[in-house]
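A short worksheet on the structure shown next.
The values are calculated or read from the model by the stated rules, or taken from the named source; none is laboratory data. Bear in mind that the values here come from a model prediction, so they are computed numbers and not experimental data. Quick reminder, even Gly has a Cβ in these numbers, built from the backbone with ideal geometry, and neighbours come from all protein chains shown.
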Amino acid sequence: MARQRDEKIDRAVLAAVTALLREVGYSGLTMEAIARRAGTTKPAIRRRWQSRRHLVVDALAEDRIGVVEVDTGCTRCDLAAHLQGLQSAMADPALGRVLPALVADLADDPELRERFLAVVWEPRRTACVASLDKAKERGDLDRELDTDLVLDLFAAPIVFRALFGHRDLPAHFPSDVAHAVLSGVGLAAGRRCEKSPGALRCGSSREGD
């Protein structure tokens, strides 16, 4: 009969991974350090997880960094709260500093990449979808809205700034993003498709190209 898996060891190992990611980062994470911090052995860890990156994915899924469940009755407030959670997550070394290297590692492991998307990324999208669905029920958003597109429009500015660091991420940025996406940034004149010589036209290149 197979020996029953000790969940206490699982939890201790995952907690050790998260703590060490914040202290030494992804590149400095070793099985020796994890085992020492968790009070177990490397063989015990290797029996449970195939590799370091499998450990990291499971630790991020366990910690649910920045996942927010909110229902204030205010669409803009709810979406800003989700974005604040994402901004906090990207500022946390256990996710923000790990993500670039982890994503690069996952490129060669499609199965683990799918698991990462399912257990780390999808929960925060699912929580935000719940807020979008409530907003549709209230009549704040178009019921035919492309939900995936809107989620990416909201999340992209924060993820982009966090990964590249080309601009600061001030505390008011999530609220600014929520306002910009909900209200739109183009005035009436900017939404028109002007078919004048030299002007950019919808669905085409410049005149004469």
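Among the residues of segment 62-77, the ones that are more than 13 Å from R125 (Cα to Cα) and either of a type outside the set (V, I, T) or in a helix (DSSP H, G or I) (or both) come to 8 in all. Determine, yes or no, whether I34 is outside any helix (DSSP H, G or I) and either at pLDDT 95 or above or surrounded by 14 or more Cβ atoms within 10 Å (Cβ to Cβ) (or both). Judged against the criteria, I34 is not a match. For segment 116-132, a tally of residues being more than 13 Å from L86 (Cα to Cα) and in contact with a helix residue (DSSP H, G or I) (Cβ under 8 Å, 6 or more places away or on another chain) returns 5. Just name the residue that is farthest from V56 (Cα to Cα) out of those in segment 133-144 that are touching a helix residue (DSSP H, G or I) at 6+ places or on another chain (Cβ under 7 Å) and not charged (D, E, K, R). Checking each candidate, the answer is L141. Contact annotation: residue pairs with Cβ atoms under 6 Å, 6 or more positions apart or on different chains, pairing a residue in segment 23-46 that is within 25 Å of D92 (Cα to Cα) with a partner that is among the charged types (D, E, K, R) and part of a loop (DSSP other than H, G, I, E, B), are G25/R97. Of everything in segment 48-69 that is of a type outside the set (S, T, N, Q), surrounded by fewer than 18 Cβ atoms within 10 Å (Cβ to Cβ) and within 17 Å of L112 (Cα to Cα), the residue that is nearest to the chain's Cα centre (by Cα) is E62. Can you say whether L14 is assigned to a helix (DSSP H, G or I), closer than 30 Å to A156 by Cβ and assigned by TED's automatic domain parsing to the domain that holds R167, as far as the supplied structure shows? It is false that L14 is assigned to a helix (DSSP H, G or I), closer than 30 Å to A156 by Cβ and assigned by TED's automatic domain parsing to the domain that holds R167. Restricting attention to segment 35-61, the residues being touching a Lys or Arg at 6+ places or on another chain (Cβ under 8 Å) and either assigned by TED's automatic domain parsing to the domain that holds V98 or under 24 Å from W121 (Cα atoms) (or both) number 2.
Among the residues of this structure, A130 counts as one that is in a helix (DSSP H, G or I), of a type in the set (G, A, S), surrounded by fewer than 16 Cβ atoms within 10 Å (Cβ to Cβ) and within 17 Å of the chain's Cα centre (by Cα).
Could you list, in sequence order, the residues of segment 86-115 that are buried (at least 22 other Cβ atoms within 10 Å of the Cβ) and among the small types (G, A, S)? Once the filter is applied, which keeps residues that are buried (at least 22 other Cβ atoms within 10 Å of the Cβ) and among the small types (G, A, S), segment 86-115 yields A89, A94. Within segment 86-106, if we keep just the residues that are in contact with a Lys or Arg (Cβ under 7 Å, 6 or more places away or on another chain) and in a helix (DSSP H, G or I), the residue that is nearest to F154 (Cα to Cα) turns out to be L86.
The set of residues in segment 137-177 being assigned to a helix (DSSP H, G or I), of a type outside the set (S, T, Y) and surrounded by fewer than 16 Cβ atoms within 10 Å (Cβ to Cβ) consists of E137, R138, D148, L149, D152, L153, A156, F160, L163, F164, D176.
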